[in-house]
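Presented below is the structure to which this report refers.
Computed from the coordinates by the stated procedures, all read-outs in this text should not be read as laboratory data. Just so we're clear, the structure is a prediction, and the values are computed from it rather than from any experiment. Counting neighbours? That spans all protein chains shown, and the Cβs are built from the backbone with ideal geometry, glycine included.
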Amino acid sequence: MSGGARTAEIARDALQEMLAAGDVAIFNIGPDKYNGRVVADAATRGTPNVSSALLSAGHVRRYGGGHRSGWCARASRERGIASK
């Protein structure tokens, strides 16, 4: 498994753990710039803001629009996950 895939699995597992706490609520609901998509924040019983928790843990990064550069290889190195 590649380092990028492993990094994605770690992020997915962290999100699943937060959501498993239960009492999931969404708030700050609004339209996205693309028709039909919705932007919202999420909270659980144990995590007041899921996005902030994922950002703080380094599982995700902010996106402010425009072109995104790659980050999986860098994130894998920072976590000590070997790339194949």
In sequence order, what are the phi-derived ³J(HN,Hα) couplings for the range 13-24 according to the Karplus relation 6.51 cos²θ - 1.76 cosθ + 1.60 with θ = phi - 60°, rounded to whole Hz, with x for glycine and proline? 4, 5, 5, 4, 5, 5, 5, 5, 5, x, 6, 6
Pseudo-spin-label distance Asp32 to Ala57, built 7 Å along Cα→Cβ, given in nm, is 2.2
